[in-house]
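The values are calculated or read from the model by the stated rules, or taken from the named source; none is laboratory data. Only a predicted model underlies this, so the values are computations on that prediction, with no experimental measurement involved. Positions of Cβ are generated from backbone atoms using ideal geometry, with glycine treated the same way; all protein chains shown enter the neighbour counts. With ligands, DNA and RNA removed, areas are computed over all heavy atoms of the protein, side chains included. Shrake-Rupley method; radii C 1.70, N 1.55, O 1.52, S 1.80 Å.
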Amino acid sequence: MLKMIDVLDQNLVQNFINSLSTQTEHLDELIEGILNTSNHDFDNVMNQFFTTNNAQDIAQALDINQDHLQAIQTGFAMQQEYIADTAKIVALCLALETNALKQVDIADSLEGYPV
């Protein structure tokens, strides 16, 4: 089974992990990395992610509207109007696959909220 870390460039993955610990954003780099992946592999890993996770819950947690979610699920993830929401999903995948969420300092007000 492919993972997002298998599809994206390793430097991009490493920079993502580093950005979590330094609290800097690399959204442009993440989007560029997404656009440089093989469409076939990227579509497969996105399909696997949605197959094993509840898309509706993910969309709500990441503040992605249903129309965009539907478009991403049906193969339009790399189009300009959906790429920012696609990047949110990719960031979640990377965070989960690299166990990077353990490195993130979660504010006390969010304690007990499912991550």
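Residues in segment 54-73 that are open to solvent by 20 Å² or more (accessible area, probe 1.4 Å), outside any helix (DSSP H, G or I) and modelled with pLDDT of 90 or more: N54, N65. Does D43 meet the test of being out of contact with any Asp or Glu (no Cβ under 9 Å at 6 or more places or on another chain), of a type in the set (D, E, K, R) and at pLDDT 90 or above? Criteria met by D43. So, in segment 74-100, of the ones that are among the β-branched types (V, I, T) and over 16 Å from E29 (Cα atoms), which residue ends up surrounded by the most Cβ atoms within 10 Å (Cβ to Cβ)? The selected residue is T98.
Among residues of segment 12-35 that are within 16 Å of K102 (Cα to Cα) and in a helix (DSSP H, G or I), those with a beta-carbon under 9 Å from a residue that is open to solvent by 40 Å² or more (accessible area, probe 1.4 Å) and modelled with pLDDT under 65 at least six positions away or on a different chain give the pairs N18/T24; S19/E25; L20/V104; S21/V104. Six or more apart or on different chains, Cβ under 8 Å: which pairs go from a residue in segment 70-92 that's within 10 Å of D43 (Cα to Cα) to one that's assigned to a loop (DSSP other than H, G, I, E, B)? Could you list them? Listed pairs, sorted by first residue: I72/I64; I72/Y82; F76/Y82.
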